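A.B. asks: I am attaching a structure below and will ask some questions about it afterwards.
The values are calculated or read from the model by the stated rules, or taken from the named source; none is laboratory data. Small disclaimer: the values here were computed from a predicted structure and weren't measured. Because the Cβ atoms are built from the backbone with ideal geometry, glycine has one as well, and the counts that use them run over all protein chains shown.
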Amino acid sequence: MGTFDKMKDKAEQMLGKGKEKVGEHTDNPDLEAEGKKDQLKGEVKETGHDLRDRAAGAAKDVKDSLRDDK
């Protein structure tokens, strides 16, 4: 995963955590829920990027092993 993508995903999770905490302390369930949603979106994006990178790495390994067999 690119460093920039990882930073964006983590930032989204941190901002969500902040919204959740502000929502808890101000007794605002809508803001709290929005924060939890933002955290989940960041986690899903991070997982997607990780899977994409693993697939790209596996494809490269297969390609390299096919070259070595020649």
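A.B. asks: Right, Leu31: part of a helix (DSSP H, G or I) and either exposed (fewer than 10 other Cβ atoms within 10 Å of the Cβ) or under 18 Å from the mean Cα position of the chain (by Cα) (or both) or not?
C.D. replies: Spelling it out, it is not the case that Leu31 is part of a helix (DSSP H, G or I) and either exposed (fewer than 10 other Cβ atoms within 10 Å of the Cβ) or under 18 Å from the mean Cα position of the chain (by Cα) (or both).
A.B. asks: Further, regarding this structure: Take Met1 and tell me if it is aliphatic (A, V, I, L, M), at pLDDT below 95 and surrounded by 13 or more Cβ atoms within 10 Å (Cβ to Cβ).
C.D. replies: The answer is yes for Met1.
A.B. asks: Moving on to the next point. Considering every residue within the stretch 43-55, establish whether at least one is part of a helix (DSSP H, G or I) and surrounded by fewer than 11 Cβ atoms within 10 Å (Cβ to Cβ).
C.D. replies: Taking every residue of the stretch 43-55 in turn, at least one turns out to be part of a helix (DSSP H, G or I) and surrounded by fewer than 11 Cβ atoms within 10 Å (Cβ to Cβ).
A.B. asks: Additional query: Name the residue that is modelled with the lowest pLDDT, counting only residues in the stretch 4-45 that are of a type in the set (Asp, Glu) and out of contact with any Lys or Arg (no Cβ under 7 Å at 6 or more places or on another chain).
C.D. replies: Here the answer is Asp5.
A.B. asks: Name the pairs: first residue in the stretch 42-56 and over 11 Å from Lys10 (Cα atoms), second residue modelled with pLDDT of 90 or more and part of a helix (DSSP H, G or I), Cβ to Cβ under 7 Å, at least 6 apart or on different chains?
C.D. replies: Sorted first by the residue in the stretch 42-56, then by its partner, the pairs are His49/Asp9.
A.B. asks: Output the qualifying pairs, or none if there are none: Cβ atoms under 8 angstrom, residues six or more apart or on different chains, first residue in the stretch 10-29 and on the phi > 0 side of the Ramachandran plot, second residue exposed (fewer than 13 other Cβ atoms within 10 Å of the Cβ).
C.D. replies: none
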